[in-house]
1. Go through the residues of region 103-117 one by one and say whether even a single one is under 24 Å from residue 223 (Cβ atoms) and out of contact with any strand residue (DSSP E or B) (no Cβ under 6 Å at 6 or more places or on another chain).
2. Kindly provide the set of residues from region 86-102 that are closer than 21 Å to residue 218 by Cβ and in a loop (DSSP other than H, G, I, E, B), ordered by number.
3. Criterion first (closer than 16 Å to residue 158 by Cβ and in contact (Cβ under 8 Å) with a residue 60 or more places away in the chain) does residue 36 satisfy it?
4. From the list 263, 244, 230, which one is outside any strand (DSSP E or B), more than 18 Å from the chain's Cα centre (by Cα) and on the phi < 0 side of the Ramachandran plot?
5. List, please: which pairs have Cβ atoms under 8 Å, are six or more places apart or on different chains, and start with a residue in region 207-235 that is more than 26 Å from residue 155 (Cβ to Cβ) and end with one that is assigned to a helix (DSSP H, G or I)?
6. Those residues that are under 16 Å from the mean Cα position of the chain (by Cα) and assigned to a helix (DSSP H, G or I), I need them from region 201-227; list them, please.
7. Check region 40-52 and report whether any residue there is more than 19 Å from residue 190 (Cβ to Cβ) and either part of a strand (DSSP E or B) or under 22 Å from the mean Cα position of the chain (by Cα) (or both).
8. Restricting to region 110-130, give me the number of residues that are under 12 Å from the mean Cα position of the chain (by Cα) and part of a strand (DSSP E or B).
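The values are calculated or read from the model by the stated rules, or taken from the named source; none is laboratory data. This one's a predicted model, so the numbers in the text were calculated from it and none came from an experiment. FYI the Cβ positions are ideal-geometry reconstructions off the backbone, even for glycines, and counts take in every protein chain you see.
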């Protein structure tokens, strides 16, 4: 299933199920996606049954989509340097010796940075002039899990979505850590929907790409994750309970702007398109290009 959040005719965010170019409004049987995830397999079966009997649909093109989980319960959890080529380009761009990564590099993005799949990315030159993109596969946790084994970790995955880990590189450098530079308002476009885990037999086979103004910048076709999904969940859940609805961004392949020679950062008017085969495409314009 492809589950999303959209704005209805009354201006309220409601849950929908995508089928091709149409949406089935699920608001009669579920209030929001977090509640659906909380409900586990029983809630999913209820949604399936409702959708099969639905006789009314909405055109997908006629509604505004929000991030599937517009207001997460907790910060978005992220893995840095999880593709070898991106790790190498990051060290080299900073003139540093490449170091082996023995454990996942973990950081978070605030809930206020979550943005819609087609909404503008805010740009304020007084805050940062080094805004960069990072196309990523995001994992949505579907059940409480702690100290997860590999099997338990994968069983805890509710689904997958597309995420752009927009980053202020100058702030990242100034503060000598990831949190501030990763957490500007609107710096986490997500969506356009969550594809449930049962519909994604092999998440590692999903090609991740990023285009800026139509130019291909990132392409994971020849790259693989250093730490796979059950390893990431295993490390995160060690001594720390993961909750239904938690969002985990699994890292970005090579090709980011700050590692280009010379570096190329996003500017007002640029359009960033992050796509994952089998899931979907998010497309966000950098605000201020009028």
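1. yes
2. Correct list: 94, 98, 101.
3. No; evaluated as a whole, the condition is false for this residue.
4. None of the other options fit; the residue is 263.
5. 209/220; 212/257; 217/257; 223/84; 223/85; 223/86
6. 203, 204, 220
7. Among the residues of region 40-52, at least one is more than 19 Å from residue 190 (Cβ to Cβ) and either part of a strand (DSSP E or B) or under 22 Å from the mean Cα position of the chain (by Cα) (or both), which makes the answer yes.
8. Here the count works out to 2.
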